[in-house]
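A.B. asks: Handing you this structure, nothing more for now.
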Amino acid sequence: MTQEEDKAKEAARKADIHARVDRFKASYDSKMASHRANAQKLERLKAAKRSLQGELHHFDSYKKEFTNLGRSLTKSQFKGTRRDKFDTKLEEIV
């Protein structure tokens, strides 16, 4: 082999290595962009979950208050259709 052939092979090998590096870099960049997008999505979901947990806690508190209200009022305090309507509405709320 001549020196020129060796140089040509070396240049081809370097070009192949650079092409591989470029492909791996593009793949890495793509995966990192996907990772960042997923991390942002995860943070939004975690924030939504925290918010929902707070709302559910408030809802449970109101539900308990209404349930206790229904239990605390005796049948002798009000009767008839008003009591029936009250019980129906209370069941709808709870």
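A.B. asks: Cα to Cα, under 30 Å, and not fewer than 8 places away if on the same chain: which lysines meet these conditions relative to Lys9?
C.D. replies: Excluding near neighbours in sequence, the set is Lys25.
A.B. asks: Can you compute the modelled spin-label distance between Ala48 and Lys9, with each label point 7 Å from Cα toward Cβ, in nm?
C.D. replies: Between Ala48 and Lys9, the label points sit 5.9 nm apart.
A.B. asks: While we're looking at this one, here's another question. For the chain, give the magnitude of the charge dipole about the Cα centre (Cβ charges: +1 Lys/Arg, -1 Asp/Glu; no others), in debye to the nearest 20.
C.D. replies: The dipole magnitude comes to about 700 debye.
A.B. asks: Give me the lysines in straight-line cross-link reach of Lys49: C-alpha distance below 20 Å, same-chain residues under 8 apart excluded.
C.D. replies: Lys41
A.B. asks: Right, here's the next one. Can you spot the lysines whose alpha carbon is less than 17 Å from Lys89's alpha carbon? Ignore those fewer than 8 places along the same chain.
C.D. replies: Candidates past the 8-residue exclusion: Lys63, Lys64, Lys75, Lys79.
A.B. asks: Report the calculated FRET efficiency for Ser61 and Ala33 (r = Cβ-Cβ distance, R0 = 35 Å), to the nearest 0.05.
C.D. replies: It comes out at approximately 0.25.
Since every read-out is calculated from the coordinates, none of them should be taken as a lab result. These numbers come from a predicted model, not from an experiment. Every residue, glycine among them, receives a Cβ derived from its backbone with ideal geometry; neighbour counts consider all protein chains shown.
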